Amino acid sequence: MKKTLIAAALGAAFLAQFAAAEVTVYGSIRESLEYDQLKDAGGKDYRGEVQLIDQSSRFGFKGSDKLDIGGKVIWQIESAIKTSGNGGTGNTTWGGRNTFGGWQGDWGTVRFGNYDSAYKTLLTSSDLSSLFDNYADTADFKGKGAVFAQLNSRLQNSVSYDSPVFSGFQVRGSWGVDQNAQTSTNAPVYTAAALYSGYGFVGGLGGFYAKDRTFAQATGISNADNSITAATSGAATWATNLALGYKFDFGLQLGAGWEHVNSDDGKTSSDWENYAVVGNYKFGKFEVQGVYALSDEQLGVTDASGAQASLGLVYYATKQTRFYTYLVNVDNDSKGKFKNASGSLTPEYANQDGYALSVGLRTDF
């Protein structure tokens, strides 16, 4: 009995501290049952399997503290959780997702820590998100190894700034501090974004620059463990991302994206383009989603191209819970080796195509 009372008292004290500090506990459980097919060697037959795929479930704490001098201190600790053994794009160590401390005021928001780059939040945390980021991971077409937004990354050691919104306009910037002890070169990452939302239109322009990093090394900054890959003196990776969308009064949203990437290893340089067309239509509690995205000759290599098409139907049961089904196709050219965001259609070799039929749910708290 005494142990029970002591445990209850400690629990109450713990919760009281949370309440005093204005701490919010939040999270999202995202899981799907899928049938996935990949083309076998020779390109004649397909091998298929049924599997459970985690769609980037997460759990976190966040809070703030008002300052007498103005503004407030903000903080967040977010971790990925695995609802199954497969899928999931986050680092499952404590604080492996967006985890930071910062300061927020009328002048904007500054964050220090492990946080998505401005190049990434252009599509994933803005008014463009309902067009470009409202998919389950299996249907998603962005990120490392995918056909679009290939330099989307979470910068482990970063300083970021988001301005206030002025008449629909906002600017953002990120500085990824290089702390790679394996090399003597300083190889920071800089990203920036400008956004506009108003009168039904949404738009954004993003820029990415990685000093002393090839494309392969620049995409390494979003490794599962947030490691920073080795640098190459004299190398550089540049990227530009433009996204536009329009929302009609009758529930239809349409958008398009264009991305240009340049990779220079210090000796030779290569350029390529990525494209995306997206749309959704809401009627009642249902939403139809569709996307077609293409990467054209990655690294400037002929036939190193690939495309992804996703078609989905989502039912919003409540504000927190949705059920969905997606049909996804990843089509690789003879030298292409692209995958979907969840990794459930990850080719083992070039020219391997894949299909996925996914049924799942997402519930937020």
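The values are calculated or read from the model by the stated rules, or taken from the named source; none is laboratory data. Computed from a predicted model, the values in this text were never measured in an experiment. Positions of Cβ are generated from backbone atoms using ideal geometry, with glycine treated the same way; all protein chains shown enter the neighbour counts. Heads up: the accessible areas ignore ligands, DNA and RNA and are worked out on the full protein's heavy atoms, side chains in. Shrake-Rupley method; radii C 1.70, N 1.55, O 1.52, S 1.80 Å.
Ser129 falls short on exactly one of the conditions (1) of a type in the set (S, T, N, Q); (2) touching a helix residue (DSSP H, G or I) at 6+ places or on another chain (Cβ under 8 Å); (3) crowded, with 20+ Cβ neighbours inside 10 Å, and that condition is (3). Note on the range 22-46: among residues that are open to solvent by 90 Å² or more (accessible area, probe 1.4 Å) and over 30 Å from Val110 (Cα atoms), the one that is modelled with the lowest pLDDT is Lys44.
Among the residues of the range 312-329, those identified as more than 16 Å from Gly284 (Cα to Cα) and without any contact (Cβ under 8 Å) to a residue 40 or more places away in the chain are Thr325, Leu327, Asn329. Filtering Asn274, Asn351 for residues that are among the polar types (S, T, N, Q), assigned to a strand (DSSP E or B) and crowded, with 16+ Cβ neighbours inside 10 Å leaves a single hit, Asn274. Could you tell me whether Val330 is out of contact with any helix residue (DSSP H, G or I) (no Cβ under 9 Å at 6 or more places or on another chain) and more than 27 Å from Trp272 (Cα to Cα)? For Val330, the condition - out of contact with any helix residue (DSSP H, G or I) (no Cβ under 9 Å at 6 or more places or on another chain) and more than 27 Å from Trp272 (Cα to Cα) - is not met. The condition of being in a strand (DSSP E or B) and either surrounded by 17 or more Cβ atoms within 10 Å (Cβ to Cβ) or at pLDDT below 95 (or both) holds for only one of Leu361, Leu327, Leu311, Leu345, that being Leu361.
Scanning the range 53-80 for residues that are open to solvent by less than 60 Å² (accessible area, probe 1.4 Å) and either part of a loop (DSSP other than H, G, I, E, B) or aromatic (Phe, Trp, Tyr) (or both) turns up Gln55, Ser56, Ser57, Phe61, Leu67, Gly70, Gly71. Whether a residue is of a type outside the set (Val, Ile, Thr), modelled with pLDDT of 95 or more and over 30 Å from Gln289 (Cα atoms) was assessed, and Tyr246 does not pass this test.
For every residue, the table says whether it meets (1) buried (at least 21 other Cβ atoms within 10 Å of the Cβ); (2) in contact with a helix residue (DSSP H, G or I) (Cβ under 8 Å, 6 or more places away or on another chain).
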{"residue": "Val50", "(1), (2)": "no, no"}
{"residue": "Ala136", "(1), (2)": "yes, no"}
{"residue": "Ala149", "(1), (2)": "yes, yes"}
{"residue": "Leu155", "(1), (2)": "yes, yes"}
